[in-house]
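Readers should treat all values here as calculations from the given coordinates under stated rules, not as data from a laboratory. Predicted, not measured: the structure shown is a model, and the values here were computed from it. As a convention, Cβ positions derive from the backbone with ideal geometry for all residues, glycine included, and neighbour counts pool all protein chains shown.
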Amino acid sequence: MLGQFPYYPSHLTSVPRTRMIDDIFPHQPSDVLDLHNFRFEEFNSLLDEFIWSCRQQGFRSITIIHGKGTGAARELVHQKLRDHPDVRSFHLDGENWGKTFGVLSDLDGSGPDAN
């Protein structure tokens, strides 16, 4: 029994337990990915998951914030977008070169410039 366990106070056994998941911090789908808080090695998998999630939510345009820095993160992001089959096009933000905009294809593979 929990109350009998010597290191578990008996007054805590009657306290209702709550799960700290979506009830407290609901996740809202977003078309923006900020890479500042992630390691460089995680970018490829994060971008794949982000693009997949955006397509599932029906987002056609995406924004990736890679930061300015040395340009290594920007180059990796652009290479990934260039090679990804679900990305129709992308371009660097003209006003903020730490951000890239992209356009995704529809779930059926079509896009704004599909014939």
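Tabulated data
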| read-out | value |
| --- | --- |
| Viscosity 1.567 mPa s, 4 °C: Kirkwood-radius Stokes-Einstein D of region 30-109 over Cα pairs, µm²/s | 104 |
| Taking THR100, THR63, THR70 and counting other C-beta atoms within 10 Å, the order from fewest to most | THR70, THR63, THR100 |
| Per-pair calculated FRET efficiency, R0 = 22 Å: ASP106 and ASP34 via Cβ, rounded to 0.05 | 0.30 |
| Per-residue HN-Hα couplings for region 66-71 [Karplus 6.51, -1.76, 1.60; θ = phi - 60°; Hz; x = Gly/Pro] | 9, x, 8, x, 7, x |
| Sorted by Cβ density within 10 Å, fewest first, the residues VAL32, VAL77 | VAL32, VAL77 |
